[in-house]
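Undergrad: Can you keep this structure in mind? I'll have questions shortly.
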Amino acid sequence: MWKVKQIFDGEYGCEERLPGEKMKCLVTIEDEQGNVKSFTAEDEWLTNNHIDEGSIIEEGELKK
């Protein structure tokens, strides 16, 4: 299991996305042993799966 430590959207208003491009966030997670991983996920996916800082994610959810 992984705990979401940080979700960073990285948008400051000065960069523009391409037309139709979805907003993406950098997600940092940590497991029980202190291993840390980061990955990019669409904000919409995070919202649809109710994932926020502090959420617990199963390994299988990371492969979706």
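We did not get these values from a lab; they are worked out from the coordinates using the rules stated. Predicted model, so just to flag it, every value in this text is computed and none were measured. Note that each Cβ is placed from the backbone with ideal geometry, even for glycine, and that neighbours are counted across all protein chains shown.
Undergrad: With an 8 Å cut-off on Cα pairs and a minimum separation of 6 or more residues, tell me the relative contact order of segment 20-64 in percent.
TA: Rounded, it is 31 percent for segment 20-64.
Undergrad: Can you list the aspartates and glutamates whose alpha carbon sits under 16 Å from that of K3, skipping same-chain ones fewer than 8 residues off?
TA: E30, D31, E32, D52, E53, E58, E59, E61
Undergrad: Ok, one more. From the convex hull of the Cα coordinates of the chain, what is the mean projected area in square nanometres?
TA: So the mean shadow area of the Cα hull is 4.7 nm².
Undergrad: Shifting gears a bit: Place a +1 charge on the Cβ of each Lys and Arg in the chain and a -1 charge on the Cβ of each Asp and Glu, then give the dipole magnitude about the Cα centre in debye, rounded to the nearest 20.
TA: That gives the chain a dipole magnitude of about 140 debye.
Undergrad: Give me the extension gain from N35 to E53: residue separation times 0.36 nm, minus the current Cα-Cα distance, reported in nm with one decimal.
TA: 4.8 nm
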